[in-house]
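*Asks:* Quick one: this structure, given as structure tokens, is what I'll be asking you about.
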Amino acid sequence: MAPAVKPIPAAVKEDVLKLLQEAKAMLQPYQLTLTDEEERRLAPTSMGRDSIAFVQQAGQLMTNYPDVLTRAITDAMIAEHPVLLQTFEDADDLMLEANAIRDLLKTVRKVAGNTAMGRARTAYRNGQDDKGRTPGLADLVRTMSERFDQDADADDSPDKPKQ
């Protein structure tokens, strides 16, 4: 059984939305737009948290042993390296916090939605079981049935067995 969900008060929702919109606006100047091709090209060589030490060590190599570097790595690139690393770490720190908020909301949404949908399916089945005896109910049940007619493979179909 899922834990009980506390409703999010309208004032809390409004304040959080405002803060998120402010944060998004503050970060907007740093937004980069990548094409699908650029995304695919960058993905295999992207840096993750587990690569920070390696990139830091490469910075030491570039700074302390520039004579071993090929011409492909310029003095400007060496100077820019700490800035790139710090930018990655700053973005990563912000992303961790944003993901924590996302995970919190995802869990609340999942539990609330599961509970609401479970009750809705039960009510729908009860409405179906009425078989038109209650005036006006048949039209509502027919309208509700459209939810399942549109997506016969929906995981929340009341006729589909739980897996």
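*Asks:* How many residues does the stretch 99-122 contain that are over 30 Å from residue 19 (Cα atoms), loosely packed, with under 13 Cβ neighbours inside 10 Å and either touching a residue at least 60 places away in the same chain (Cβ under 8 Å) or not basic (Lys, Arg) (or both)?
*Replies:* 1
*Asks:* Which one is farthest from the chain's Cα centre (by Cα), of the residues in the stretch 1-55 that are exposed (fewer than 10 other Cβ atoms within 10 Å of the Cβ) and among the polar types (S, T, N, Q)?
*Replies:* Here the answer is 45.
*Asks:* Here is a further query. When you check residue 12 against the structure, is it of a type in the set (Val, Ile, Thr) and either outside any helix (DSSP H, G or I) or over 30 Å from residue 112 (Cα atoms) (or both), yes or no?
*Replies:* Numbers: of a type in the set (Val, Ile, Thr): yes; either outside any helix (DSSP H, G or I) or over 30 Å from residue 112 (Cα atoms) (or both): no.
No.
*Asks:* Go through the stretch 4-22 and give me each residue that's of a type in the set (Gly, Ala, Ser) and modelled with pLDDT under 95.
*Replies:* Within the stretch 4-22, 4, 10 meet the criteria.
*Asks:* Can you pull out every residue in the stretch 56-74 that is surrounded by 10 or more Cβ atoms within 10 Å (Cβ to Cβ) and either charged (D, E, K, R) or touching a residue at least 24 places away in the same chain (Cβ under 8 Å) (or both)?
*Replies:* Of everything in the stretch 56-74, those that are surrounded by 10 or more Cβ atoms within 10 Å (Cβ to Cβ) and either charged (D, E, K, R) or touching a residue at least 24 places away in the same chain (Cβ under 8 Å) (or both) turn out to be 56, 59.
*Asks:* Let me ask something additional. Provide a single number: the residues in the stretch 15-35 that are farther than 28 Å from residue 112 by Cβ and part of a helix (DSSP H, G or I).
*Replies:* Here is the first cut: in the stretch 15-35, the ones farther than 28 Å from residue 112 by Cβ are 25-35.
Those left that are additionally part of a helix (DSSP H, G or I): 25-30.
So the count comes out to 6.
The values are calculated or read from the model by the stated rules, or taken from the named source; none is laboratory data. Nothing here was measured: the structure is a model prediction, and the numbers come from that model. Glycine gets a Cβ as well: all are built from the backbone with ideal geometry, and neighbour counts include every protein chain shown.
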